[in-house]
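Enquirer: My questions all concern the structure below.
Please treat every number below as a calculation from the coordinates, not as lab data. None of the values given here were measured: they were computed from a predicted structure. Using ideal geometry, Cβ is built from the backbone for each residue, glycine included, and neighbour counts are taken over all protein chains shown.
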Amino acid sequence: MGHSPQLNGTLAHASRRVDEGVDGVLARMRALGAEWPERDGVAVFHRVYSRVTEEVGHLVDRGGFPDRRAAVTLDVLFAERYLSAVETFERGGRAPACWRPLLHARAHRGVRPVQFALCGINAHIGHDLALAVVDTCRTLACVPEDLRDEFDQVGELLTTLEERVREDLMPGPDLLERADPLTHLVGAWSIERARDAAWVAARALWAVRGLTGVAEEMRSRLDEGVGLVGRLLVTPLVPAQLR
């Protein structure tokens, strides 16, 4: 089955990004976030995601992935989903529904940094990762099962990212009582469950790739569902004066 002209163009663009490698992704990240204020909600997620991308790059350089090309392709196309969403929004365009809660709440003083970080992780894992697997399969002419090892290794790095976010951005013991709703909110979301759901979604999207209408409906519903969770994650819990 031949690809549509639009899809062929998308795949060609993806191949150019892959050629730039993880270093190319990191260069774009540094340029994109250079002017954002430290407390900007997108900047909070951007900093933690940049760190995990650097770790992926180090792992690639050390030969830590079974298939280096597959790992680089997946990582670059995964990052491309996030970078494209933010760049589109900053040009005045309409970002995917999963990213809108973070982008629209980024300056809200009643939303704590850990909420911004988890909202971004939710969008990126819950939506972008599944689509990045499909993008990678199209680019490399493989199937999702061929990427399982790379998917799992990237997922393990992302799990350590969640732990770091909770350690670095959760309030200290003296604030825990006051931040009790935040503690419950953060504890209700799990990157491991989101990662497992992303794998199932990727396999389902790949299975229906030849059914254009069905595939588009699935992508749309995935986007909206992840966006709904994102809106809950950035619910203001702390009055602005406490910050």
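Enquirer: Provide Rg and Dmax in Å for the stretch 43-122, with only Cα atoms included in the calculation.
Expert: 14.6, 44
Enquirer: For the stretch 116-169, which trypsin sites (Lys or Arg not before Pro) pass both filters: DSSP loop (anything but H, G, I, E, B) and at most 14 other C-beta atoms within 10 Å?
Expert: none
Enquirer: In the stretch 100-167, what GluC sites (Glu not before Pro) fall in a loop by DSSP, with at most 13 other Cβ atoms inside 10 Å?
Expert: none
Enquirer: Which whole number of Å³ per residue matches the convex hull of the alpha-carbon atoms in the stretch 10-164?
Expert: Values: hull volume 16.3 nm³, N = 155.
Spelled out: Cα convex hull of the stretch 10-164, divided by residues, is 105 Å³.
Enquirer: With the Cα gyration tensor of the stretch 80-152 giving a ≥ b ≥ c as the square roots of its eigenvalues, does the rule (a/c under 1.5 for rounded; else a/b larger than b/c for prolate; else oblate) give rounded, prolate or oblate?
Expert: oblate
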